[in-house]
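As structure tokens, the structure follows; a few thoughts come after it.
Read-outs: derived from the displayed coordinates by stated rules, not from any lab. For clarity, every value in this text was computed on a predicted model and none was experimentally measured. Reconstructed Cβ throughout: ideal geometry from the backbone, glycine too, with neighbour counts over all protein chains shown.
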Amino acid sequence: ARLHALIPAAGTGSRAGTAQPKQYEPLAGRALVLHTLEALGGVSRLASILVVVSSGDSLMPRGAGWQVAACGGDTRAASVGNGLAELQARGAGEDDWVLVHDAARCLVTPAQVDRLIDECLADEVGGLLAVPLADTLKAAQDGRATQTLPREGKWLAQTPQMFRLGVLRRALAQAGAGVTDEASAIEALGLRPRLVAGSAQNFKVTWPEDFALAQAVLESRKR
Ligand code: CTP
Ligand code: MG
């Protein structure tokens, strides 16, 4: 079975507050998504990289190391589902592994992805990068804490999330548009995705202040 990366990049980035979608904002001199693609380009076991953009997108850079499909949907789950169909149309098999990775998670490193691959190849289900919850977790109502939930055994899901193409397609089709990651669709099938310890630095650029944080991480790695 081969390994493919699928990069959903069809969002509008509404929470980031930028004029253009966040994945195209300049970061350390080039579009944010190019940092994401550079990291994945450093993962030697990937047979292909497919970026899903929305129809009419004119901002996605083209390059030799990746392909672009304008099959984005209204939700992240729809964009991933359409991307999986596109991967299959381009020759990927049901048993091939797909690593779904957010375009907006531009600080992932090849070493983290390699660790995910190592652990998931030895696992029939697959899995995801994740970090154990560091802060105390509150349930809230009307802006007031009602309860403190135990943080033991709770993890923050990141990407990449690595599953078999055929299983993931069926899982997402059954789960519908509400799921915000692949693992939740797999869990709904009764399967148990493996949690592979990632790094807090692999955060998703989401809010306006995240651009400066991402820039600082990139600069710290140059030294
Ligand atoms: N994404 C996508 N198709 C969508 C929505 C999101 O491909 N319909 C992608 C985004 O481009 C991003 C990743 O999924 O790379 C993670 O989603 P998120 O961080 O929520 O990005 P946006 O939906 O663009 O941002 P927001 O929710 O703030 O609008
Ligand atoms: Mg979103």
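In Å and on Cα atoms, what radius of gyration and Dmax does region 74-133 show?
13.1, 39
Could you work out, for the chain, what percent of all Cα-Cα pairs fall into each 10 Å distance bin, beginning at 0 Å and stopping at the bin that holds the largest distance?
Whole-percent P(r) values from 0 Å outward: 8, 33, 38, 18, 3, 0.
Counting other beta carbons within 10 Å of each residue's own, what order do Lys154, Lys222 fall into, fewest first? The partial results should precede the final answer.
On the way: Lys154 11, Lys222 6.
Neighbour counts put them in this order, fewest first: Lys222, Lys154.
Please identify the longest segment of the chain free of exposed GluC sites (Glu not before Pro), where exposed means a DSSP state other than H, G, I, E or B and no more than 13 other Cβ atoms within 10 Å.
Numbers: sites that count: Glu94, Glu124, Glu152, Glu209.
It runs 1-93.
Need the full-extension length gain, Ala47 to Arg221, defined as separation in residues times 0.36 nm minus the C-alpha distance. One decimal, nm.
Numbers: separation 174, 0.36 × 174 = 62.64 nm, distance 2.67 nm.
Once the chain is fully extended between Ala47 and Arg221, it gains 60.0 nm.
Applying the Karplus parametrisation 6.51 cos²θ - 1.76 cosθ + 1.60 with θ = phi - 60° to the phi angles of region 42-58, what ³J(HN,Hα) value in whole Hz is obtained for each residue in order, glycine and proline being reported as x?
With coefficients 6.51, -1.76 and 1.60, one gets x, 9, 5, 7, 7, 7, 7, 10, 10, 9, 9, 10, 7, 5, x, 5, 10 Hz.
Through the Karplus equation 6.51 cos²θ - 1.76 cosθ + 1.60, θ set to phi - 60°, convert the phi angles of region 216-223 into ³J(HN,Hα) values in whole Hz; use x for Gly and Pro.
5, 5, 4, 5, 5, 7, 6, 6
For the chain, set up a Gaussian network in which alpha carbons nearer than 10 Å are linked by springs, and say which option among Trp207, Trp97, Trp66 fluctuates the most.
Trp207
Taking the Cα atoms of region 139-193, report the difference between the largest and smallest coordinate on each principal axis, in whole Å and largest first.
On the principal axes, region 139-193 reaches 43, 23, 20 Å in Cα extent.
Counting helices only, and only those DSSP H runs with n ≥ 4, report the 222 nm mean residue ellipticity of the chain as the sum of -39,500 (n - 2.57) divided by its residues, in deg cm²/dmol to the nearest 500. Don't skip to the end; give the middle numbers.
Details: 6 runs with 67 residues, N = 223.
It lands at -9000 deg cm²/dmol.
Please build a GNM for the chain, connecting alpha carbons under 10 Å apart, and tell me which residue among Ala104, Ala16, Ala139 fluctuates the most.
Answer for the Gaussian network model of the chain: Ala139.
If you take every DSSP beta bridge whose two residues both sit in region 3-222, what share of them, in percent to the nearest 5, is antiparallel?
Values: 16 of 32 bridges.
Just about 50 percent of them are antiparallel.
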